[in-house]
Amino acid sequence: QNWDMPTPYGDSTFHTQNIMQFADEVRTATDGGLDITIHSAGSLFPHSEIKGAVRNRSVPIGELFLSTLSNEDMVFGMDSQPFLATSYDDAQRLWDAQRPVITELLAEQGLMPLFSVAWPAQGLYTNGEIKTVEDLNGLRFRAYNAALEEFATLAGAAPVQVEAPDIPQAFSTGQVSAMITSPSTGVNSTAWDFVTHYSPINAWVPKNIVIVNQREFDRLDEETQTAVLEAAKAAETRGWQMSMEEAETQTAALAENGITVYEPSEELVQGLQAIGDTMLESWQQEASDSARAVLEAYRN
Amino acid sequence: MSDPMIAVVLLSLLIGLLALGVWVAVSLTLVGLAGLVLFSNAPSGLVLASTFWGHSHSWALTALPLFILMGEILLRSRMSDDMFTGLVPWLSRAPGRLLHVNVFGCAIFAAVSGSSAATAATIGRMSVPELTRRGYPENLILGTLAGSATLGLLIPPSIILIVYGVATEQSIARLFIAGVLPGIMLIVLFAGYVAVRAWMNPDLIPAIDQSFSFRQKIVASRRLIPVALLIGGVIGSIYAGLASPTDAAALGVVLATGLAFASGSFSWRLFGAAVMSATRTSCMIALILLGAAFLSVSMGFTGLPRNLAAWISDMNLSATALLMALTVFFVVLGCFLDGISVIVLTTSIIMPMVSAVGIDPLWFGIYLVIVVEMSQITPPVGFNLFVIQGLTGIDILRIAKAAFPFFLLLLLGVVLIWVFPQIVTFLPGLMSG
Amino acid sequence: MGHLFQKLYSICGALAGGLILCICLLISAQIVLNGVGRFAPGAFPSTIPSYGDFSGFMLAGATFLALAHTLRAGGHIRVNLVTARMPLRAQVVVEAAVLLISAALAGYLTWFMIDLTLESLHYNDLSTGIVPVPLWIPQSVATFGMALFLIAILHTLADLVRAGRPVLTTPDEV
Ligand code: NA
Ligand code: NA
């Protein structure tokens with residue numbers, strides 16, 4: 001049997017490489033009985049269409065950036081809530097808390113999560129060192145979702161909407177002067193061409209998720225199902241490990257290429273955490289019951 | 001059925017449908033559908049609807065109708081006539097005369113727009129009627145336009161370089177810088193070709209009887225001011241960081257409208273006609289893009305381009321032989337798929353073999369763009385041909401024939417960057433601190 | 001009846017043109033805000049939320065709403081080299097076949113776009129940007145445009161049968 005699997009990111013992204021290993025393991029475990037073909041870099045469906053394509057069984061399986069679903073339910077976006085979960089341990093605990101609720105929400109659409117892997121924690125890219133939150137004042141800050149827009153405003157910066165491919169041009173023309181993103185994205189877009197400083201402020205640890213259509217999954221024989229689930233489990237463990245290694249090597253790569261990497265000052269961390277707390281308060285007022293329950297579970 | 005057989009079946013179907021006079025967009029969609037139904041097990045109707053919807057609302061595409069509208073407004077105002085009249089004294093001695101407006105107009109516009117279709121539509125809207133009226137030969141008008149408009153892909157900003165950069169994780173900033181010198185090289189090749197043709201056959205190009213004193217040239221140049229303001233405003237807004245390239249298209253429409261009214265002989269009635277004409281042209285192009293996107297998705301499901309690329313990969317060629325094989329492969333594929341599809345469908349297989357033989361991925365990106373530029377002007381599926389047929393009503397095969405010398409010039413460009421890779425790597429090399 | 005449809009194509013074509021102008025205004029407003037934000041930071045909100053998403057949806061609307069109007073105006077391109085050399089009767093037969101094939105495809109597409117829209121409505125799918133837009137709204141506009149395209153193709157087929165010769169004009173050569 002053949003499965004086509006659309007993924008949004010390119011072949012050299014560690015997420016894609018992890019998924020390729022996942023496909024290999026499934027192929028080996030089933031003796032070629034289930035052959036998953038990976039269509040990377042959005043070559044089959046654009047990122048925003050992947051969930052719908054899996055749901056309507058255009059494809060049986062696919063990968064997406066979890067918090068793109070946050071408009072559907074705020075549970076999906078919790079890993080992109082600034083300064084809620086800032087380390088891999090936090091992120092793992094948050095995922096443990098999210099997982100049952102997300103499984104339930106996706107089940108309503110006939111979908112099932114297979115595994116989820118974190119990106120490296122998000123750091124701050126600027127020209128010049130940022131010592132306190134006040135230094136962010138007046139900067140033109142890249143925002144690509146509602147949470148970031150709120151964050152920028154609270155920090156006194158001006159949010160600017162810039163799509164990922166436009167980042168280098170936006171920096172070089174002064175359209176933006178600061179952004180928060182992972183060290184991987186920083187290296188892939190050769191951030192040293194347009195910024196001088198990077199600080200691993202660990203703003204949040206977002207995740208990708210691999211989902212499968214329940215009916216397609218049920219159609220597999222039991223042995224194959226077990227093989228898929230086992231390979232998924234292994235992929236999750238391996239993926240988080242890869243992510244941690246990625247965080248180290250890519251931060252080192254930033255430094256190697258001439259970016260000044262500095263630890264955030266105590267003052268900056270406190271200021272950012274304060275903004276995070278304010279945001280969490282307003283978040284709680286809008287959050288669905290399930291999202292609030294996840295927050296409870298995460299905090300205990 | 002074996003892969004080559006599938007390819008032959010689908011290609012015959014495409015050619016047959018096009019020859020019957022089925023609309024280009026419908027033909028592409030039908031071939032995609034045939035591929036899905038016959039050679040894959042994907043649910044064709046759902047994939048078709050998702051693809052049509054998913055590709056119809058992309059942000060990158062919004063610049064297209066706006067640039068087309070800008071061209072329509074310029075055509076209907078005095079500005080396009082003014083521009084040509086203003087340029088006459090300056091180009092009266094140059095071999096090829098006003099034909100260079102196509103080459104340089106496209107080059108300048110390429111610095112604003114990221115696509116070759118928008119470039120062809122905007123410049124062609126003005127230059128084709130003006131040049132035809134002045135008695136220039138049709139095949140050179142169409143050829144220079146179709147060929148030069150492909151510069152929209154190579155001269156930054158460029159949608160296709162963004163697609164390549166995202167798919168292969170190359171720095172987009174570096175790719176953009178790398179495209180500058182090859183872009184200039186192609187401009188020189190195109191302008192040189194026009195000059196050589198004119199010099200070999202002086203009767204080809206309508207004469208300009210008058211000779212102009214320097215004073216007259218300056219006076220005539222006053223007519224260039226509105227167009228210069230427009231170009232300056234649009235490019236300036238990008239480089240001042242006020243607008244992304246897509247945003248700039250909207251600014252272009254606003255500025256063109258303002259300047260058209262300011263230069264006189266423009267009315268709201270003409271504005272309305274410009275809007276409706278732009279609506280039809282962009283609808284036509286968008287529908288073809290949707291059909292092409294669906295064909296590309298269908299090819300993704302059947303795995304045909306992948307398998308063909310893997311077949312080349314298995315031959316274990318040397319760098320030179322690999323590039324020659326890939327060039328043939330891309331030219332053939334480019335006849336039937338649009339450029340972006342060619343890249344997204346094959347990079348997964350091709351990038352590993354390219355890095356295996358030690359080819360610089362940055363250089364390869366520029367190489368790929370030039371090859372994709374060639375695909376824009378090869379029939380039956382070539383977007384510049386479609387756009388120009390939409391503008392002029394002239395059949396795509398006639399346009400393709402006129403554009404063939406430019407296809408060869410692009411091929412020469414590929415050879416040049418292979419022999420002198422510094423053309424590509426020099427500027428990005430300066431960037432690394 | 002035919003006149004009524006013709007009117008409908010024109011109205012939808014004009015709506016499509018209006019949408020393109022709206023895209024233009026929306027993006028221009030954003031550029032003005034960018035400029036204002038540069039000189040007087042904080043005086044005005046600096047972004048129009050999700051203006052990219054809205055532009056995209058309006059573009060989709062413009063494309064689909066204009067399909068029928070563009071068809072009737074001869075705006076969709078095709079290769080005429082072969083058919084133009086056929087005798088008139090053959091031309092009519094081929095044109096009828098072309099219209100039937102196209103109608104079949106448009107019908108197929110309309111059917112599945114209705115399916116897609118109903119599914120978005122059923123699951124209450126939202127856009128992923130800052131402003132959540134229920135996707136069924138722009139999707140129903142697109143679906144309506146596709147259905148009108150189907151009608152326009154059948155309308156053209158009826159005209160062909162009545163006139164006994166191909167009726168679609170090709171735009172004049174310049
Ligand atoms: Na360009
Ligand atoms: Na082509």
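The values are calculated or read from the model by the stated rules, or taken from the named source; none is laboratory data. Note that the coordinates shown come from a computational prediction; the quantities given were computed from them, not determined experimentally. Cβ atoms come from the backbone with ideal geometry, glycine included; neighbour counts cover every protein chain shown. Just so you know, the surface numbers come from the protein's heavy atoms only, side chains and all, with ligands and any DNA or RNA stripped out. Shrake-Rupley method; radii C 1.70, N 1.55, O 1.52, S 1.80 Å.
What the table below lists for this structure:
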| read-out | value |
| --- | --- |
| Estimated [θ] at 222 nm from DSSP helical runs (n ≥ 4, -39500 (n - 2.57)) normalised by residues in chain C, nearest 500 | -26000 deg cm²/dmol |
| Cα-centred dipole magnitude for the protein assembly as shown, charges only on beta-carbon of K, R (+1) and D, E (-1), debye, nearest 20 | 4720 |
| DSSP bridge pairs, the protein assembly as shown: antiparallel proportion in percent, nearest 5 | 60 |
| Per-residue ³J(HN,Hα) for segment B:150-165, Karplus 6.51 cos²θ - 1.76 cosθ + 1.60, θ = phi - 60°, Hz, x for Gly and Pro | 5, 4, x, 7, 8, 6, x, x, 8, 4, 5, 5, 5, 4, 5, x |
| FRET efficiency for B:Val37 and B:Ile15, using Cβ-Cβ distance with R0 set to 30 Å, rounded to 0.05 | 0.95 |
| Span from the segment C:9-83 Cα centroid across to the segment B:1-62 one, whole angstrom | 27 |
| FRET E, pair B:Arg222, C:Ser10, Förster distance 41 Å, beta-carbon r, rounded to 0.05 | 0.50 |
| The protein assembly as shown - percent of accessible surface contributed by carbon and sulfur, probe 1.4 Å | 62 |
| Solvent accessible area, Å² - C:Ile77, 1.4 Å probe, full protein context | 10 |
| Accessible-area value, C:Val161, 1.4 Å probe, nucleic acids and ligands omitted, Å² | 110 |
| Segment C:2-163 - accessible surface per residue (Å², probe 1.4 Å) | 43 |
| Spin-label model distance (nm) - A:Thr28 vs B:Leu204, 7 Å beyond Cα toward Cβ | 6.3 |
| Karplus (6.51, -1.76, 1.60) ³J(HN,Hα), θ = phi - 60°, over segment A:63-71, in Hz, Gly and Pro reported as x | 10, 8, 7, 3, 6, 5, 8, 5, 5 |
| Long-range amide H partners of C:Leu126 with built H, under 5 Å | C:Leu135 |
| Span from the segment B:406-422 Cα centroid across to the segment B:316-343 one, whole angstrom | 15 |
| Rounded to the nearest 10 Å², the accessible area of C:His122 at probe 1.4 Å | 140 |
| Candidate residues B:Phe84, B:Phe329, C:Phe5, C:Phe39: accessible-area rank, largest first, probe 1.4 Å | C:Phe39, C:Phe5, B:Phe329, B:Phe84 |
| Radius of gyration and maximum dimension Dmax of segment C:2-163, Cα, Å | 20.6, 70 |
| Separation of alpha-carbon centers, segment B:265-315 and segment C:149-170, rounded to whole Å | 25 |
| Segment A:30-180 shape via C-alpha gyration tensor axes, a/c threshold 1.5 | prolate |
| Additional length obtainable on full extension of the chain from B:Leu317 to B:Lys401, 0.36 nm per residue less Cα span | 26.9 nm |
| Range of Cα positions in chain A per principal axis (Å), largest first | 59, 42, 29 |
| Other-chain or far-sequence residues with amide H under 5 Å of A:Gly33's (modelled H) | none |
| Accessible surface ranking that places the most exposed of B:Ile177, B:Ile312 first, with a 1.4 angstrom probe | B:Ile177, B:Ile312 |
| For segment B:109-123, Karplus couplings with θ = phi - 60° (6.51, -1.76, 1.60), whole Hz, Gly/Pro x | 5, 4, 6, 9, 9, x, 10, 7, 5, 5, 5, 4, 5, 6, 5 |
| B:Ala111 long-range amide H proximity, modeled H, under 5 Å | none |
| Solvent-accessible area buried by B and C, counting both chains, probe 1.4 angstrom, square angstrom | 5300 |
| Overall dimensions of the protein assembly as shown by Cα: Rg and Dmax, Å | 27.4, 89 |
| Number of Lys pairs (Cα under 29 Å; 8 or more positions apart or on different chains) in the protein assembly as shown | 4 |
| Label point distance in nm, B:Leu416-B:Cys335, each placed 7 Å from Cα along Cα→Cβ | 2.6 |
| Neighbouring partner chain Cβ atoms per residue of A:56-66, average, 10 Å criterion | 3 |
| Residue-normalised accessible area of chain B, given per residue in Å² at a 1.4 Å probe | 33 |
